[in-house]
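Please read the structure below before turning to the comments.
We did not get these values from a lab; they are worked out from the coordinates using the rules stated. The structure displayed is predicted, hence computed values, not measured ones. Methodologically, a virtual Cβ is constructed for each residue, glycine included, from the backbone with ideal geometry; neighbour enumeration extends over all protein chains shown.
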Amino acid sequence: MCGKAGLEPIVVATNLKEIGFDWEKLHIAQLAACMHFLGPKFSDVTYSADYSLAEDILRPTAWGNNYYVGTCISGGQVQAHYAGHEVSRYEKVKSIQKNGAFLDDIGVCYLDSTFGWNCGDCWKCIQTRIAMENDGDKVPNIFRKKPEIVSNIDATKIGKSTPAAIGMQQRTTELISYVDDPAIKEALIRLRKRAAKPARFSQRRKRRISIFALCVATILLWLCLK
C-alpha cells in the first residue's frame, strides 16, 4: 500500500508482548508510544477511529481506540489527529471500494494470520463482505472463502466480554440501517438480540459485585467507628 501511495514505511519493533500487553484494550497506547518515539521525524500524526463519535458516546465501556483517549495523546512536538469518527465503518468500506486504489490490499481479519488475506468467516470479514456486497457492488478477491452470508451470520459467536457484546450490537445496528437484502437484515437483527444477552448478564453481575463491595465497605467502616 505504501508503494502505491508513494510513501516510505517505517517499521517499529517493540517488546510489549514480552511484558504482558492487552492489545485489544490498550492498542492506542502502543500507537501513542510509536508516535512519540518518532516525534522528531513527524510533527503531525493521524490515526483512524474504530467507531463513530456517536457510537463511542453510547458505548459504556472503555476500549483501546476511542475518542476520549484519542484526543488526549498529543504532546511535546507531536500533534495527534483522530480521523474518521464522523462517519460509520460501513461508509469507510464503501469509500475504499469506490476509490478502488487500495481495494486489493484490505486486511480486516483477526483469524487468518497470512499477510494480506481474510478468512471470510469471522465477524470482521462478515461485516466487510456485507458492506461490499450491498448495492450489488463487485467484491474484490481478498477472502479465502465466501460462505453464504445469512447462515454465516447465524453461526457467528458472541464475545464473552461486555465490550465485545456491546460492540457487536453497535455494528449490527449500523449495518441494519444500510442493508437492502431482507434476509440479511433479519439475520443481523437475530444476531443483535443474541449479543444483547451476554451484555445484560455481565452488567448485572458487575452491579451485584459493586453492591457487595459497598456492603463490605460499609461493614468495615462501621467496625472501625464502633
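Just a few scattered comments:
- Using a Förster distance of 30 Å, the FRET efficiency for A196-E86 (Cβ separation, nearest 0.05): 0.65
- log₁₀ of I(q)/I(0) at q = 0.13, 0.18 Å⁻¹ - the range 1-149, Debye sum with one point per alpha carbon: -0.74, -1.36
- P(r) for the range 1-86, from all Cα pairs and a bin width of 5 Å, is 3, 13, 21, 21, 21, 15, 6, 1 %, short bins first.
- Computed about the Cα centre, the dipole magnitude for the range 1-86 is approximately 180 debye when only Lys and Arg (+1) and Asp and Glu (-1) carry charge, each at its Cβ.
- Stretching the chain fully between K146 and Q77 yields a gain of 20.2 nm (0.36 nm per residue, less the alpha carbon separation).
- Modelled FRET efficiency - R0 25 Å, D105 with T46, Cβ distances, 0.05 increments: 0.85
- Whole-number percent relative contact order across the range 1-86, with pairs defined as alpha carbons under 8 Å at least 6 apart: 34 percent
- Pairwise label distance in nanometres, T218 with Y178, each label 7 Å out on the Cα-Cβ vector: 4.8 nm
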